[in-house]
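These notes concern the structure reproduced below.
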Amino acid sequence: MIFRVAKRVFLTMFALFLPLFALEPDFQKFDGSAVIIDLNSSKRTVFGSRANERLIPCSSFKILNSMIALESKVIKDENEIIKWDGVVREYPQWNQDHSMRSAITVSAVWFYQELARRIGKEEMQKKLLELNFGNRDVSQGLTTFWLGGGSLKISLNEQADFLSKLLRNELPFSKETQERVKDIITLQKNDNFLIAGKTGSCDGIGWFIGFVEHHKKVEVFAFNIKGEGASGLEAKKIAFEYIKNR
């Protein structure tokens, strides 16, 4: 009798605490870390041990690159077409004309390198200093400083803080620019749920950063993985699985 009662108590307690175990992201074989900030309460949740490790942002930098380009008016808007330069690159979806909206969707590097050229080193450096964006280092080259082997480095905490300001329209850009960029990184949206984000892959790391709105709760997130096979796509899968199962 005592055993049966104890068993029932154990099973009840296990059922109560089981959801807590699901709150940890499953980083699988990767060395993973993540930072999530609840914008309603400002609560910061950290997973893993690398929240302050600065790494190359890879293509997650396209979020900021887009805002600088729009604000600097080197491109009319997110729908203006830039002609493909005819250089065949490894991903077929890159080898065509693109707008900012389509280029960020397929992460077309050449398009954002062209935006960087139009912005220029002086303006790019000025904005990174103004934003205090990571180590603010563009010395590796105007079209490569955020890519593999580049000089720009930023941590998960810094990415999450940057996104928090974006969601509150507190970055040193117009509200229109910030809203446009939030729109072009939106991945799924319905009446009850919205998730937006950008991947990044280079040098054996994978990023997925963005924000989620659900039941009047707004959170920003930054996920990063390292190791064999790490990529932005893998980081995105891990983040989606975590967000979906909470």
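The values are calculated or read from the model by the stated rules, or taken from the named source; none is laboratory data. Everything quoted here is computed from the prediction, not taken from an experiment. Please note: Cβ atoms are built from the backbone with ideal geometry, for glycine as well, and neighbour counts cover all protein chains shown.
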Study note, to complete from the structure: Going through (1) of a type outside the set (Lys, Arg); (2) buried (at least 16 other Cβ atoms within 10 Å of the Cβ); (3) out of contact with any Lys or Arg (no Cβ under 8 Å at 6 or more places or on another chain); (4) over 21 Å from Asn224 (Cα atoms) one by one, Val74 fails only at (3)
Point to revise | Matching residues, segment 21-32, being out of contact with any Pro (no Cβ under 9 Å at 6 or more places or on another chain) and at pLDDT 95 or above | key: Pro25, Asp26, Phe27, Gln28, Lys29, Phe30, Asp31
Check your understanding: Looking at Glu213, Glu179, which one is within 24 Å of Glu123 (Cα to Cα), out of contact with any helix residue (DSSP H, G or I) (no Cβ under 8 Å at 6 or more places or on another chain) and of a type in the set (Asp, Glu)?
Key -> Glu179
Exercise for review: Can you work out which of the residues in segment 80-115 that are in contact with an Asp or Glu (Cβ under 7 Å, 6 or more places away or on another chain) and not in a loop (DSSP other than H, G, I, E, B) is surrounded by the most Cβ atoms within 10 Å (Cβ to Cβ)?
Suggested key: Met100
Review point. Residues of segment 129-145 being in contact (Cβ under 8 Å) with a residue 40 or more places away in the chain and either within 18 Å of Ser72 (Cα to Cα) or surrounded by fewer than 13 Cβ atoms within 10 Å (Cβ to Cβ) (or both), which ones?
Key: Glu130, Leu131, Phe133
Review point. If you go through segment 65-85 one residue at a time, do you hit one that is at pLDDT below 95 and either in contact with a Gly (Cβ under 8 Å, 6 or more places away or on another chain) or of a type in the set (Gly, Ala, Ser) (or both)?
Key: no
Practice item. From the list Gly141, Gly197, Gly120, pick out the single residue that is small (Gly, Ala, Ser) and in contact with a strand residue (DSSP E or B) (Cβ under 9 Å, 6 or more places away or on another chain). Key: Gly197
Check your understanding: Here are some residues: Leu194, Leu167. Which one is in contact with a His (Cβ under 8 Å, 6 or more places away or on another chain) and at pLDDT 95 or above?
Key -> Leu194
Practice item. Would you check which residues across segment 158-194 are without any contact (Cβ under 8 Å) to a residue 60 or more places away in the chain, assigned to a loop (DSSP other than H, G, I, E, B) and either in contact with a strand residue (DSSP E or B) (Cβ under 9 Å, 6 or more places away or on another chain) or closer than 19 Å to Ile36 by Cα (or both) and list them? Key: Asn169, Glu170, Asn192
